[in-house]
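Here the structure is laid out as structure tokens; the discussion comes afterwards.
Read the figures in this text as sums done on the coordinates, not as results from a lab. Please read these numbers as outputs of a predicted model, since none were measured by experiment. Please note: Cβ atoms are built from the backbone with ideal geometry, for glycine as well, and neighbour counts cover all protein chains shown.
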Amino acid sequence: MTDAPTRAKGPLPQYFDDPALDQLHAALLALAAELSVANDRIDTLERLLERKGLTTRADVESYEPDETALRERAARREALVARLLRPFRDYREQLIERAKLIERTKR
């Protein structure tokens, strides 16, 4: 099985008059999706742990992460930020490519 592409091919649809709003909208939707999935997983884990008597929600609230956990969380945050900023980066790359094309046609 091949990996799915990380970006759609071809031009993206534009919904708002200002393309920047489309980029912001895409980032907001990505963030909302990430947050929804994370909340569901956290809820599942807390319920399973509590049901099995392994910990309580109060233990979760008072947890202090060690250095390894802090590093892993930082890496996860960086990956999330990269995904959230992808629409802005893609739009910037499209603008650069358009500018290069215009410059080549002027010659």
Item to check | Failed item, numbered, when Glu67 is tested on (1) more than 24 Å from Ala32 (Cα to Cα); (2) of a type in the set (Asp, Glu); (3) surrounded by 10 or more Cβ atoms within 10 Å (Cβ to Cβ) | outcome: (3)
Next on the checklist: Could you go through the range 36-47 and let me know if any residue there is touching a residue at least 40 places away in the same chain (Cβ under 8 Å) and of a type in the set (A, V, I, L, M).
Outcome noted: no
Checklist entry - Do you know which residues across the range 9-64 are polar (S, T, N, Q), surrounded by 10 or more Cβ atoms within 10 Å (Cβ to Cβ) and more than 17 Å from Leu95 (Cβ to Cβ)? => result Ser36, Asn39, Thr44, Thr55, Thr56
Checklist entry - Among the residues of the range 47-65, is there at least one that is in a helix (DSSP H, G or I), among the small types (Gly, Ala, Ser) and under 25 Å from the mean Cα position of the chain (by Cα)? => result no
